[in-house]
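To start, the structure under review is shown below, and the notes come after it.
Bear in mind these aren't lab numbers, they're just calculated from the coordinates by the rules spelled out. Since the model is a prediction, treat every value here as computed from it, not as a measurement. Virtual Cβ from ideal backbone geometry, glycine too; neighbours counted across all protein chains shown.
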Amino acid sequence: MTTPTTIVIFGGSGDLARRKLVPGLFSLYQKGRLPENARIVGYSRSEMTHTAYQEFMRGYAEQFAKTWNAAQWAEFEPKLSYVSGVFDDDAAFSRLKTHVLDGDDNLGDCLYYMSIAPRFFTSVAQQLHEHGMVQKSDAGFKRVIVEKPFGHDLASAQQLNRDLHSYLDEDQIYRIDHYLAKETVQNLMVFRFANTIFEPLWNRNFIDHVQITAAESVDVGSRAGYYDSAGVLRDMFQNHLMQLLALTAMEPPASFSADAVRNEKAKVLQSLRPMIPSRLGTQTVRAQYEGYLDADGVPAGSQTPTYAALKVYIDNWRWKDVPFYLRSGKALKTKATEIIIQFKKPPHMMFPLSKDYVISSNFLAICIQPHEGIHLRFEAKVPDTDSDMESVLMDFHYSDEFGEIIMPQAYEKLLLEALEGDATLFTRSDGIEAAWTFMDDVIKGFETDYAPRMTSYKPGSWGPDAADELLGRSRRKWRHGCAEHE
């Protein structure tokens, strides 16, 4: 990338910019992956000089960068500058354009990052368009990264897509979901499509069910006011869990191009069996952790779930009638994100087992965080017995195999992909709307008489008993294949 490159961070003094974006850009610089002539412009309402902004960011980079090096920061720091303004201010955007041009005749390559509240997305896109800062030209790319949440429901997501498309082409819009940039999530595609061991088994003929868990050990903390307007379904399911589901269930794409991958993901989301109201009682669970209603900012009698579990189906040839169990919640036993592929039991057991021995199903645990790796559980004969068996694990851990390699932050990877114009790890408009189409049925259903009873669970547990009952009705149980190394 030899064209002059400017990265503008709207919300440049905010929490995300401090903890993730600037430290991520600094990491790219340390690795020699940032364009040599790159400039990073923070844009926010706070009044600040360039020097003050550099000093402000240094403290956070020292704290949050994957590796800190004072000499490298001294080289990187002059790339940082700052423009003060609000998000619908013509004069401020004129100053921003003049600053980006820096006496040149054209803007060059520009990457704009909307690290701002969703209500400002359209205003910023409009201002960029009206000031001639996002129009396509031969003089360099113009791309916009849009943070989540992308919409509050299907109607608002569709409206936001229409608004953004008024000023930007679809291939200029990079809708972010940082889960997609986690190394272990990216490894899921390599695991499935670069190996021939499991892909022939990856279907309804051999897989009994799939579990996808995104557990958080923290409670809502100081975010209670915001969280109560969103809840776990909007905060975790509509984006993160839907994306993990799509990657787990998608067909092999024809190539590793962004369009080919996103086509297959969209097909999965469009194939989700609609959650009709009469199924909510048997296919969903909603709960609040004990003490949630006492948090500052939570209204009395709130019906916002901090935990949910869903049983969903994908109506296509590969997955017809295979249940996918999704769960996520706050204040759970541990922080863990994992995908469990549980295979069917042998159709006939020829070994003379004791009457109280129950053979365990094989399962594959794909551990996304914090124990990055893969576990395969299978049955093995106990030595010096006729046919006694025990379940054993075959493990792969990133830390063991790759030693001192430091796992990059998700935002570092996403910033690099956007600079390079690779949209594979970003969501497309049809995928966003397909996910919202499904989740809207659940969210609206929870507001009707068909909704399952709101239950509770103790902080530090794995959730409510109702979630165990959801699987127990079909003689299944939740696995903790990564968190507890079963």
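So if we plug the beta-carbon distance of H131 and I276 into 1/(1 + (r/R0)^6) with R0 = 51 Å, what FRET efficiency do we get, rounded to 0.05?
0.60
If you average the C-alpha positions of the stretch 296-327 and of the stretch 435-451 separately, how far apart do those two centres end up, in angstrom?
The two parts, judged by their Cα centres, are 10 Å apart.
Which of M133, M242, M407, M439 has the fewest other C-beta atoms within 10 Å, and how do the rest follow up to the most?
Fewest-to-most ranking of M133, M242, M407, M439: M407, M133, M439, M242.
In degrees between 0 and 90, to the nearest 10, how far off the longest principal axis of the chain does helix 121-130 point, with axes built from Cα atoms?
It is inclined by approximately 40 degrees.
For a protection proxy built on the mean count of beta-carbon atoms within 10 angstrom, sort 163-169, 214-220 highest first, please.
Top of the packing list down: 214-220, 163-169.
Averaging sequence separations of C-alpha pairs under 8 Å and six or more residues apart, then dividing by the length of the stretch 5-147, give the relative contact order as a whole percent.
Here the relative contact order equals 29 percent.
If you count, for each residue, the other Cβ atoms within 10 Å and average over each peptide, how do 180-187, 226-233 line up from highest to lowest?
180-187, 226-233
In whole Å, how far is the Cα centre of the stretch 176-233 from that of the stretch 1-57?
30
In degrees between 0 and 90, to the nearest 10, how far off the longest principal axis of the chain does helix 410-420 point, with axes built from Cα atoms?
The answer is roughly 60 degrees.
In debye, nearest 20, what is the charge dipole magnitude of the stretch 5-147 about its Cα centre with +1 on Lys and Arg Cβ and -1 on Asp and Glu Cβ, if you could check?
540
In straight Cα distance, which aspartates and glutamates are under 14 Å from K381, not counting same-chain residues fewer than 8 positions off?
E390
Quick one: if you stick a label point 7 Å off each Cα along the C-beta vector at K97 and F396, how many nm between them?
5.1
Hey, in the chain, which Cys have no second cysteine's beta-carbon closer than 4.7 Å?
Within the chain, the cysteines lacking a partner Cβ under 4.7 Å are C110.
Sort I176, I276 by Cβ crowding within 10 Å, fewest neighbours at the top.
By the 10 Å Cβ count, ascending, the order reads I276, I176.
Show me, for the stretch 365-374, the HN-Hα J-couplings you get by feeding each phi into the Karplus relation (A = 6.51, B = -1.76, C = 1.60, θ = phi - 60°), rounded to Hz, glycine and proline as x.
With the stated coefficients, the stretch 365-374 comes to 10, 9, 9, 8, 6, x, 8, 5, x, 9 Hz.
May I ask for the angle, rounded to the nearest 10°, between helix 90-101 and the longest principal axis of the chain, with both axes built from Cα atoms and the value confined to 0 to 90°?
Rounded to the nearest ten degrees, it is 90.
Mind putting a number on the dipole of the stretch 103-149 about its Cα centre? Charges go on the C-beta only, +1 for Lys and Arg and -1 for Asp and Glu, and I need it in Debye to the nearest 20.
Roughly 340 debye, rounded to the nearest 20.
Any idea what the dipole of the chain comes to, in debye rounded to 20, about its Cα centre with Lys/Arg Cβ at +1 and Asp/Glu Cβ at -1?
So the magnitude is around 1000 debye.
Percent antiparallel among DSSP beta bridges with both residues in the chain, to the nearest 5?
55
Of the listed peptides 36-43, 304-311, 91-98, what is their order by residue-averaged count of other C-beta atoms within 10 Å, with the highest listed first?
304-311, 36-43, 91-98
Over the stretch 5-147, what is the percentage of antiparallel beta bridges among all DSSP beta bridges, to the nearest 5?
5
Give the long-range amide H neighbours of V322: residues separated by 5 or more places, or on another chain, with amide H under 5 Å away, using H modelled in the peptide plane at 1.01 Å from N.
Under 5 Å from the amide H of V322: I314.
Hey, which lysines would be in cross-link range of K333, C-alpha to C-alpha under 19 Å, not counting anything within fewer than 8 residues on its own chain?
K458, K477
Could you tell me which of S94, Q72, S46 has its Cα farthest along the dipole of the stretch 5-147 towards the positive end, charges placed at Cβ (Lys, Arg +1; Asp, Glu -1), taken about the Cα centre?
So the residue furthest toward the plus end is Q72.
Can you tell me how the stretch 1-86 classifies by the Cα gyration tensor, rounded, prolate or oblate, using a/c under 1.5 as the rounded cut?
Note, shape of the stretch 1-86 comes out oblate.
Positive end of the dipole of the chain, charges at C-beta (+1 Lys, Arg; -1 Asp, Glu), about the Cα centre: which of A139, M275, G225 has its Cα farthest in that direction?
M275
What FRET efficiency do you get for T3 and K381 if R0 is 51 Å and r is their Cβ-Cβ distance, rounded to the nearest 0.05?
So the FRET efficiency works out to roughly 0.20.
Can you tell me how much longer the chain between D169 and A71 gets when fully stretched, taken as 0.36 nm per residue apart minus their C-alpha distance, in nm with one decimal?
31.2 nm is the gain from fully extending D169 to A71.
Of S257, H165, F343, which is farthest on the positive side of the dipole of the chain, counting Cα position, with +1 on Lys and Arg Cβ, -1 on Asp and Glu Cβ, and the Cα centre as origin?
The one lying farthest along the dipole's positive direction is F343.
Answer with a single label: of [x] 83, 52, 41; [y] 94, 50, 42; [z] 88, 69, 41, which was calculated as Cα extents along the principal axes in Å from the structure in view?
[x]
State which entries of K182/K330; K31/K335; K66/K136; K66/K267 exceed 28 angstrom in Cα-Cα distance in the structure shown.
Check vs 28 Å cut-off fails for K31/K335; K66/K136; K66/K267.
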